[in-house]
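The block underneath contains the structure these notes are about, expressed in structure tokens.
Bear in mind that the values in this text are calculations on the coordinates, not laboratory data. As the structure is a prediction and not an experimental result, all values here were calculated from the model. Using ideal geometry, Cβ is built from the backbone for each residue, glycine included, and neighbour counts are taken over all protein chains shown.
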Amino acid sequence: DLCITLAQTDKIKESEITRCRMATFFELGLESQLGNKNQLVKINKLINWERLRGYLRKIHKNENHNLGGPTGYDPLKMFKAVLLGQWHNLSDPGLEESLRVRLDFMAFTGFEMGSAIPDETTLCRFRNKLIALKLDKKLFGMLNQELEKLGLQIESAQGALVDATIIESNCRPRKEIIVSVDRKEDAEAETNPPMIEINESKDPDGRWIKKGNKSHYGYKGFISVTKGDGYIQATRVTPANASEMKVFKSFVKDIPSSEIFADKGYTSIENNALLEQLGKKSRIMKKAARNRPLKQWEKVFNRLVSHHRFRVEQAFGTLKRRFHLNRFRYISLQKVQSELIFKSMGFNLLKAANSMA
């Protein structure tokens, strides 16, 4: 009996070694077919993904308590799968299908052809766990730290550019309402706020805002990008009718840079005083007032600031065109905030891979 047991043990070890070797050959075969110029192949080799495993540890219940039952999927593979889903704006069924048929998805995540692939429900639950545990923001910070090791300045960048854009909600209310005008920050708006009707929508946190002659229902997405290369440092999402001036006061505290660039929509004595209090230099464009035109030095200052501001506009353009951020896929403030974080991860990884080419 002992001999039989030892023989079985040897067979198990041998089969495990064979499986590991086959996985390695499978991955090498994928890379060979895809080529070194494939974006996901380059990004997969760009950083040490294993460093993220510490944040993902014990995300499964069986890792916290020995409850029995099947072992969960590798959390690092699951995280990379969710990242790809956000990157390509895929539904959960679409992501599941892509993990089964797309070679570049297999090479990036580590899921093998013919092996067990997480279904759409499992992918959805894992993404929701990341959001509930607030791991998305931590993982974003860790990815930026890994990119810093490649010599890229993200959190260590001296200057940062701040701006916001309107992003449509995935759901529209059943009736349109009269709402505040974009960046209506004058005293009259504070003392005589517009009438707002209660609306019915599947997205409880979206709000209406009017910009120009068009009304939008959804959110505002705030980002901070580095002055030099335009990497995203921090993100924030608010309902569309939120005051950008007020959001700026809290958002700027998340920005590690010592110089803050912004357009004249953020000009105020309070914002400049806040930046001074935080030890940051204000590079907010100057705004003329009634009976007080801009001085010559203020015009020169505005031109110098405008010279750098294209970076943040460029970032929004890439997020909307390449990462499909014209409209959020999910509903509720918590989930759309996470969606912007994941798309910002993809943005930074893609920019880093292109710069290293």
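Observations, loosely collected:
- Remark: the stretch 288-294, residue by residue, has Karplus-estimated 3J(HN,Hα) of 6, 10, 4, 6, 9, x, 5 Hz, where x stands for each Gly or Pro and the curve is 6.51 cos²θ - 1.76 cosθ + 1.60 at θ = phi - 60°.
- Restricting the stretch 284-323 to trypsin sites (Lys or Arg not before Pro) in coil, as DSSP defines it, with at most 12 other Cβ within 10 Å: ARG290, LYS295
- Alpha carbon centroid spacing (whole Å) that separates the stretch 223-252 from the stretch 88-140: 28
- Of LYS134/LYS281; LYS77/LYS343; LYS58/LYS137, pairs whose Cα-Cα distance is over 19 Å: LYS134/LYS281
- GluC sites (Glu not before Pro) restricted to DSSP loop in the stretch 111-156 with at most 13 other C-beta within 10 Å: none
- Whether the stretch 212-301 is rounded, prolate or oblate, judged on the alpha carbon gyration tensor where a/c under 1.5 counts as rounded: oblate
- Estimated FRET transfer efficiency (SER115, GLU276; beta-carbon r; R0 45 Å; 0.05): 0.20
- Each label was represented as a point 7 Å from its Cα along the Cα-to-Cβ direction; for GLU168 and ASN354 these points are 2.5 nm apart.
- Virtual spin-label span in nm between LYS253 and GLN145, 7 Å along Cα→Cβ: 2.2
- Modelled label reach - SER268, point 7 Å along Cα→Cβ, the stretch 276-315 residues with backbone N closer than 20 Å: 276-290
- Proximal lysines relative to LYS286, as straight alpha-carbon distance under 26 Å, when same-chain residues fewer than 8 apart are discounted: LYS184, LYS210, LYS211, LYS220, LYS227, LYS246, LYS249, LYS253, LYS264, LYS295, LYS299
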